[in-house]
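J.: Here it is, the structure, as structure tokens.
The values are calculated or read from the model by the stated rules, or taken from the named source; none is laboratory data. The structure displayed is predicted, hence computed values, not measured ones. Neighbour counts are summed over all protein chains in view; Cβ atoms, including those assigned to glycine, are modelled from backbone coordinates with ideal geometry.
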């Protein structure tokens, strides 16, 4: 009889995962009810959560694992099944619907639409892609006051997250996982317009984020021909590829261009006839000998999509401020697989250059604080239908950010004006680990200068201790000092509002800030 039972895999955590789980438990013991686990793609955040859920079952606890994408429901369910976690699914008309089971894999959209009595709420809530911050999920967490809550994310950069989470555990950095071979390095080929060829060496001065945003939706270079040439050069054959497109129309045109060249690329978008059609495309793509060369996505595959043997990613969707989307997209190509030595990233959007400083900083230092900045709300109240059209998805009805183009749940694209323009481009090599942006001012030689994050923390500590005009003025003062030490760099997004860790400041760091302050005052007197 036992021979007929399915054989399940045991969850074996890696050392960095064990450390992260223990720190989450330490946080719970210290009274933190809502904690964020921050870790890069391929860290194994889902495995950590599955382990915690599995352990909770020994105490007869109930648990929900909430995901924000329809395609992630099945992916998570398969993984839970592999580990022998008996579960149901909370999603409309799903074949695994079983509300009586203590563990549920839940769609954020379905949970948002349903009304749950307080007694029906679980003991443990895990929120995947927690930086998305759906209002209904935050309200549910607030109501479930007895529940322990763990948020999972690689990009916790959403304004105001500090108001909704009590603690943060930084699992590992990208560079740590690269060094330990848990991530695959990327070789980046950036396509730039002819007059921007020099940008790879001086992007901080002439090709910053604002410049990139001003270009609008501009695709640089021939996407299909570049893919053919570069995959042949690096792999000697066509390879499994994901394309991130700025619109459904552009994605459809790319699929046609690939087809004309003899390659099978399939688009995933809100235009898919059904969830079944989308599921069939993804399952075919997962096969080692897939008949599909590539998937083209407009916002659908940005987060959480797990097909490790993808060898190439193509960026065709420029972002002005969405650093998190850029990082999430690159992560789809960085998972390890047998025989995979590196992933190829073909950048036709300029994102690699626009976000170069933030990327290098994140890869090296990770994240250890959440933003307390508040979203600006200067909206003029309009008639209901116009407000609905601006703020809610026309496909699934999920609330959207006013500036977002596509729904992060179903990929529905907001109607917009203008056309996508393609311009001639020149391909250049681009090094994601380029650290020249953090080079200190010429003449400074202190050993601590190699850690600009620690210098920022020291500047905050110094200015908070010596400032007399309040916290805002002290932060501005600290930024002036830091920018004087690293004149070619910008402080990465979100760090300006970081909490100051006074206890971690080293004497040499504090002395450097003090010397810089005195030097500046002396120079002003001399002037």
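J.: Return the pair list, or none, for Cβ contacts closer than 7 Å from residues in region 467-496 that are at negative phi and not assigned by TED's automatic domain parsing to the domain that holds residue 157 to residues that are buried (at least 19 other Cβ atoms within 10 Å of the Cβ) and outside any helix (DSSP H, G or I), at least 6 apart or on different chains.
T.: 479/491; 482/491; 485/440; 486/440; 493/157
J.: Another question, then. Quick one: which of 76, 41 is buried (at least 20 other Cβ atoms within 10 Å of the Cβ), in a helix (DSSP H, G or I) and at pLDDT below 95?
T.: On the way: 41 fails: in a helix (DSSP H, G or I).
Result: 76 is the single residue among 76, 41 that is buried (at least 20 other Cβ atoms within 10 Å of the Cβ), in a helix (DSSP H, G or I) and at pLDDT below 95.
J.: Can you pull out every residue in region 227-237 that is farther than 17 Å from residue 185 by Cα and surrounded by fewer than 19 Cβ atoms within 10 Å (Cβ to Cβ)? If you could, list the steps in order and put the result at the bottom.
T.: Going residue by residue through region 227-237, those that are farther than 17 Å from residue 185 by Cα are 227-229, 232-233, 236-237.
228, 229, 232, 233, 236, 237, listed by residue number.
J.: Oh, and also: Whether any residue in region 433-445 is closer than 30 Å to residue 224 by Cβ and touching a residue at least 24 places away in the same chain (Cβ under 8 Å) is what I want to check. Before the answer, list the steps.
T.: In the first step, residues of region 433-445 are kept if they are closer than 30 Å to residue 224 by Cβ; the result is 433-434.
Within this subset, residues satisfying the condition of being touching a residue at least 24 places away in the same chain (Cβ under 8 Å) are 433-434.
Yes.
J.: Any residue at all in region 332-350 that's closer than 27 Å to residue 221 by Cα and at pLDDT below 90?
T.: Yes, region 332-350 has at least one match.
J.: With respect to residue 430, determine if the residue is within 22 Å of the chain's Cα centre (by Cα), surrounded by 15 or more Cβ atoms within 10 Å (Cβ to Cβ), closer than 27 Å to residue 295 by Cα and at pLDDT 75 or above.
T.: Working: within 22 Å of the chain's Cα centre (by Cα): yes; surrounded by 15 or more Cβ atoms within 10 Å (Cβ to Cβ): yes; closer than 27 Å to residue 295 by Cα: yes; at pLDDT 75 or above: yes.
Yes.
J.: If you don't mind, there's one more thing I want to ask. Just to be sure before I move on: is residue 362 at pLDDT 70 or above and part of a helix (DSSP H, G or I) in the structure I sent? Give the derivation first.
T.: Details: at pLDDT 70 or above: yes; part of a helix (DSSP H, G or I): yes.
Spelling it out, residue 362 is indeed at pLDDT 70 or above and part of a helix (DSSP H, G or I).
J.: Out of the residues in region 253-267 that are part of a loop (DSSP other than H, G, I, E, B) and more than 29 Å from the chain's Cα centre (by Cα), state the one that is surrounded by the most Cβ atoms within 10 Å (Cβ to Cβ). It would help to see each step written out before you state the result.
T.: Kept after step one, since they are part of a loop (DSSP other than H, G, I, E, B), are these residues of region 253-267: 261-264.
The next check asks that each one be more than 29 Å from the chain's Cα centre (by Cα); those that pass are 261-263.
Details: 261: 13, 262: 9, 263: 18.
Residue satisfying both the conditions and the ranking: 263.
J.: Another question, if that's okay. Can you tell me which of 267, 256 is under 27 Å from residue 427 (Cβ atoms) and touching a residue at least 24 places away in the same chain (Cβ under 8 Å)?
T.: Working: 256 fails: touching a residue at least 24 places away in the same chain (Cβ under 8 Å).
The match here is 267.
J.: Could I ask something else about it? Residue check, residue 477 against (1) modelled with pLDDT under 90; (2) surrounded by 15 or more Cβ atoms within 10 Å (Cβ to Cβ), all met but one. Which one?
T.: Tallying (1) modelled with pLDDT under 90; (2) surrounded by 15 or more Cβ atoms within 10 Å (Cβ to Cβ), residue 477 fails exactly one: (1).
J.: Can you find a residue in region 28-38 that is in contact with a helix residue (DSSP H, G or I) (Cβ under 9 Å, 6 or more places away or on another chain) and at pLDDT below 90?
T.: Scanning region 28-38 turns up no residue that is in contact with a helix residue (DSSP H, G or I) (Cβ under 9 Å, 6 or more places away or on another chain) and at pLDDT below 90.
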